[in-house]
């Protein structure tokens, strides 16, 4: 058994390739030759993993992808345990349906990262595309557990239809928290318009600029204990840029979306001068 399995690209990928076979729990049961024989998909064409990557190591749940993987889609799909570390960026659907383990991406991630995720940790060092932590096409629920950390900007509909779990991002595009059922969406910077549309019971914590929709009603200004605990925990575990003023500060609470059942909330941090 090796300490890790390392995948090194033989040459840069010219176009997107589906790589759902790359997951820590799958590699843990396989020899180096068996890992190399796993199948990637270039459209309808099957490619052996070993033809695209040099494989070093075996029988380990810890996977390292060297170089940039921006054209590698579906990495860590349905992963249950283990760890994947990606030195550069990655394509679409990283960590889709994952239920455990950790995926750490040094660069950015394409659309649909962490969709239908139910557990584990997905950490994105750069920006993420649309629907991070969202739902599979036609599904009623998005993310149902675990944590997603996006150190850069998230695209449109971050956390859409989120059911449980925590999603942090530096900023978010239009429609963040659309149709949230529950869970926590924390945005350090600006939120684009449409945040929390159709929110049922979810909590959106806005540490930066936000335009509150007309379907939300001001409730009160207070220091929410659950936000203090959550922000302290996130800062300690992930070294996020959360200030003491944000941890202990006042928040304006808005109830909504009143066009739906109206039991969700937006908590807008109130910086002091």
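Taking the chain as a Gaussian network of alpha-carbon nodes connected by springs under 10 Å, the highest mean-square fluctuation of the residues 219, 70, 190 belongs to 219. Considering only the Cα atoms of the range 151-273, their convex hull presents on average a projected area of 6.6 nm².
Using the Kirkwood formula over every pair of different C-alpha atoms, what hydrodynamic radius in Å results for the range 146-211? Before the final figure, lay out the partial values.
On the way: mean 1/r = 0.0916 Å⁻¹.
Value: 10.9 Å, from the Cα pair sum.
In the frame of its principal axes, the range 69-210 has Cα extents of 33, 25, 22 Å, reported largest first. The C-alpha atoms of the range 1-76 occupy a region whose extents along the principal axes are 33, 23, 19 Å, arranged from largest to smallest. When the chain is treated as a GNM with alpha-carbon contacts under 10 Å, the residue of 26, 151, 228 showing the greatest mean-square fluctuation is 228. The Cα trace of the range 1-148 gives Rg and Dmax of 13.9, 41 Å, the first to one decimal, the second as a whole number.
Taking a point 7 angstrom from the Cα of residue 263 along the C-beta vector, which residues in the range 174-199 have backbone N less than 20 Å away? Residues 177-185, 196-199 fall inside that zone. Stretched out straight at 0.36 nm per residue, the stretch from residue 193 to residue 33 would grow longer than its current Cα-Cα span by 52.6 nm.
The modelled label-to-label distance for the pair residue 42/residue 229, using points 7 Å beyond Cα in the direction of Cβ, is 5.2 nm. Within the listed set 96, 182, 28, the residue fluctuating most in the Gaussian network model of the chain (springs between alpha-carbon atoms under 10 angstrom) is 28.
Of 220, 169, 21, the sequence from fewest to most neighbouring Cβ atoms within 10 angstrom is 220, 21, 169.
Can you compute the equivalent ellipsoid semi-axes for the chain, i.e. the square root of 5 times each eigenvalue of the Cα gyration tensor, sorted largest first and rounded to whole Å?
37, 18, 15
We did not get these values from a lab; they are worked out from the coordinates using the rules stated. Because the structure is a prediction, the values reported are computed rather than measured. Note: ideal-geometry Cβ built from the backbone for every residue, glycine included; neighbour counts use all protein chains shown.
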